[in-house]
């Protein structure tokens with residue numbers, strides 16, 4: 001079994017927002033120390049693939065990570081899980097709002113480099129700018145069927161089964177053809193801890209970037225970026241001291257002062 | 001070249017710089033503070049917020065008996081005799097006044113107090129480090145005597161014919177200008193944690209460590225002092241702090257479950273050190289292990305003996321962040337972290353057996369931390385592993401100074417007009433260091449450097 005995992009990363013909100021600007025050719029240039037981390041959907045997609053390899057060591061995992069801010073760090077964090085191959089994908093990640101075009105470009109890469117992979121596994125949303133339309137568009141571009149909202153993938157003998165829950169029921173699919181699987185996060189596919197020896201080995205790795213083989217077609221283009229309005233925050237922050245009982249009492253007192261009836 | 005005049009030029013907008021600027025400004029000096037980056041705070045603001053003070057009201061409130069002599073003795077002990085005792089004495093004699101001075105100038109200390117590396121009694125006083133720098137900065141600017149220049153980098157020191165330092169050339173807004181200081185120039189620009197080549201020159205065994213520090217800490221001050229013949233100390237003792245999660249980019253500070261009873265094992269499943277030692281020595285030890293990484297192993301009781309208000313002991317907060325590997329049994333934990341199960345179980349068992357019988361476990365561990373705390377067994381699940389390597393937070397070495405914080409040259413003579421404080425200086429820590437003494441020295445020596453400048457005669461104009 002060959003699996004291609006497609007990852008995008010999302011902005012790490014624990015770091016300060018970074019400046020962005022528009023280039024003359026209508027691309028978004030992200031500057032400063034922009035940071036990305038794997039989204040919960042990325043992590044779930046990766047873990048699903050890792051579990052399938054656990055269950056069948058003949059499984060091969062290839063990973064493509066959309067290029068963007070902080071790519072090298074993100075590649076290192078993925079490399080610690082030892083996929084069989086890992087490359088950046090030279091697509092403009094900042095234009096993922098143009099889902100149809102992005103799906104066309106990614107599809108062309110997969111057709112050219114990974115045509116034999118039985119499974120393409122992707123999170124249910126691919127990056128910050130995808131609202132969930134990219135996986136079905138990519139499936140169409142690849143002329144594959146999609147199994148959406150997958151939560152579990154497992155082997156039953158030689159058969160590969162996928163599962164998603166709907167209400168109180170479980171839907172199971174036996175995979176019998178090349179498929180695109182979009183994965184949602186679930187406690188059963190929470191990404192494992194990497195082994196430290198692999199983390200340290202990943203620090204020394206060098207990565208390559210796979211270019212997109214097709215030209216960008218015309219389509220909607222950005223004309224300008226407006227500064228986001230700055231919200232002025234009012235009020236004062238007050239730390240509550242003492243043990244939890246004192247803190248609770250102080251909080252009740254404060255709420256009463258604000259006119260809350262308790 | 002544009003010229004600007006002041007009484008006191010401070011290079012570096014971290015804790016030492018603003019402690020000095022505020023002290024000098026309160027004495028009436030006109031001060032210019034240069035900060036190379038766009039933001040003040042530097043490594044101070046990124047630190048764990050621990051300051052080592054002794055004999056404070058906070059310690060008395062917690063029933064802790066401590067004193068300057070005991071602090072002095074602990075510091076010399078942890079420095080393994082390699083430190084300059086006159087600097088340690090200077091710190092011990094002035095730390096309590098500095099603690100009170102910080103409070104008077106708006107710095108807020110949390111109520112929690114803990115023992116940590118190198119401390120015979122609990123003396124870690126906790127602050128929000130970024131807020132501490134901000135408070136001193138605000139107080140300094142409020143005097144009306146301090147001018148802060150951001151994105152302004154000192155490049156060379158200026159000397160008069162008699163050798164006295166009288167200012168610096170500064171790169172600012174694309175222009176090189178000259179700032180003349182009538183009294184003194186203070187180098188408070190931190191160490192060189194962001195210059196890997198310089199680190200490699202003195203501590204090549206730390207190449208695989210994690211490096212965390214102010215983005216401007218590239219050794220500017222050290223190079224400028226070197227150029228004038230300044231002597232240096234403690235360069236062989238550059239060390240990393242044990243307890244840094246190798247892939248966690250959000251918690252800059254280390255996690256030290258070992259100081260609450262955890263053991264440290266390597267990837268072969270074996271203990272490799274007396275875990276009660278200074279976390280700098282633990283950093284050295286972990287860098288000698290395979291891949292420079294190990295695990296802190298603890299059980300349910302140790303997990304919940306931490307304190308989320310203290311950054312190095314905030315275990316359950318980190319557990320919520322998913323940073324600990326968790327297992328119901330030690331066998332499962334061994335499998336999850338991929339260490340040889342039999343070896344690992346035998347090591348934990350031997351450690352527990354020694355603790356139960358009041359014997360010293362391997363490597364001679366006697367206490368939880370330094371001379372404090374009774375050892376405890378690791379036997380009640382769930383069990384946890386915290387991946388740990390060493391993080392180089394600072395370089396803890398640098399320019400030799402005297403009791404007036406004057407830089408001393410290689411012939412033992414003071415370089416007139418040149419002061420140094422904070423992470424810039426060498427000789428204070430020696431071979432290892434006590435938790436809270438790095439940030440503490442920035443406050444104490446920064447304040448003393450400001451007073452020293454105020455006591456100096458004005459130079460030429």
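The values are calculated or read from the model by the stated rules, or taken from the named source; none is laboratory data. Keep in mind that this is a model prediction, so the values were computed, not measured. Cβ placement follows ideal geometry from the backbone for every residue including glycine, while neighbour counts extend to all protein chains displayed.
A few points about this structure:
- Restricting A:182, A:102 to residues that are surrounded by 15 or more Cβ atoms within 10 Å (Cβ to Cβ) and modelled with pLDDT under 95 narrows the list to A:102.
- Index of the failed condition, residue A:217 passing every other in (1) farther than 22 Å from residue A:26 by Cα; (2) touching a residue at least 60 places away in the same chain (Cβ under 8 Å): (1)
Residue-by-condition table, conditions (1) crowded, with 16+ Cβ neighbours inside 10 Å; (2) assigned to a loop (DSSP other than H, G, I, E, B); (3) more than 14 Å from chain A (Cβ to nearest Cβ); (4) out of contact with any strand residue (DSSP E or B) (no Cβ under 8 Å at 6 or more places or on another chain):
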{"residue": "B:319", "(1), (2), (3), (4)": "yes, no, no, no"}
{"residue": "B:339", "(1), (2), (3), (4)": "yes, yes, no, no"}
{"residue": "B:343", "(1), (2), (3), (4)": "no, no, yes, yes"}
{"residue": "B:349", "(1), (2), (3), (4)": "no, no, yes, yes"}
{"residue": "B:352", "(1), (2), (3), (4)": "yes, no, yes, yes"}
{"residue": "B:355", "(1), (2), (3), (4)": "yes, no, yes, yes"}
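- The set of residues in region A:123-145 being surrounded by fewer than 19 Cβ atoms within 10 Å (Cβ to Cβ) and touching a helix residue (DSSP H, G or I) at 6+ places or on another chain (Cβ under 6 Å) consists of A:133 alone.
- Only one of B:212, B:247 that is in contact with a helix residue (DSSP H, G or I) (Cβ under 8 Å, 6 or more places away or on another chain) and assigned by TED's automatic domain parsing to the domain that holds residue B:351: B:247
- Residue in region A:245-262 that is under 35 Å from the mean Cα position of the chain (by Cα) and surrounded by fewer than 10 Cβ atoms within 10 Å (Cβ to Cβ) present: no
- Taking region B:194-305 as the region of interest, the helices (runs of 4 or more DSSP H) fully inside it that hold 1 or more residues being within 14 Å of another protein chain (Cβ to nearest Cβ) are B:196-202, B:279-287.
- Of the residues in region A:138-161, none is under 30 Å from residue B:386 (Cβ atoms), away from chain B (no Cβ under 14 Å), in a helix (DSSP H, G or I) and in contact with a strand residue (DSSP E or B) (Cβ under 9 Å, 6 or more places away or on another chain).
- Selection status of residue B:395, over 17 Å from residue B:295 (Cα atoms) and either more than 14 Å from every other protein chain (Cβ to nearest Cβ) or touching a helix residue (DSSP H, G or I) at 6+ places or on another chain (Cβ under 6 Å) (or both): yes
- Of the candidates B:42, B:12, B:17, B:49, the single residue that is within 19 Å of residue B:212 (Cα to Cα), modelled with pLDDT of 95 or more and within 20 Å of the chain's Cα centre (by Cα) is B:12.
- Restricted to region B:48-151, the set of strands (runs of 3 or more DSSP E) holding at least 1 residues that are within 14 Å of chain A (Cβ to nearest Cβ) comprises B:109-114, B:124-127.
- The lone exception for residue A:198 - which of (1) away from chain B (no Cβ under 14 Å); (2) closer than 24 Å to residue A:68 by Cβ; (3) not in a strand (DSSP E or B) it fails: (1)
- In summary, residue B:110 fulfils each of the numbered conditions (1) over 26 Å from residue B:189 (Cβ atoms); (2) modelled with pLDDT of 95 or more with the single exception of condition (2).
- Failed item in (1) away from every other protein chain (no Cβ under 14 Å); (2) surrounded by fewer than 16 Cβ atoms within 10 Å (Cβ to Cβ); (3) touching a strand residue (DSSP E or B) at 6+ places or on another chain (Cβ under 8 Å), with residue B:182 passing the rest: (2)
- Candidates B:207, B:231 - the one that is assigned by TED's automatic domain parsing to the domain that holds residue B:22 and at pLDDT 95 or above: B:231
- Residue within region A:205-213 that is more than 14 Å from every other protein chain (Cβ to nearest Cβ) and farther than 30 Å from residue A:51 by Cα present: yes
- So residue B:261, is it under 29 Å from residue A:12 (Cβ atoms) and touching a strand residue (DSSP E or B) at 6+ places or on another chain (Cβ under 8 Å): no
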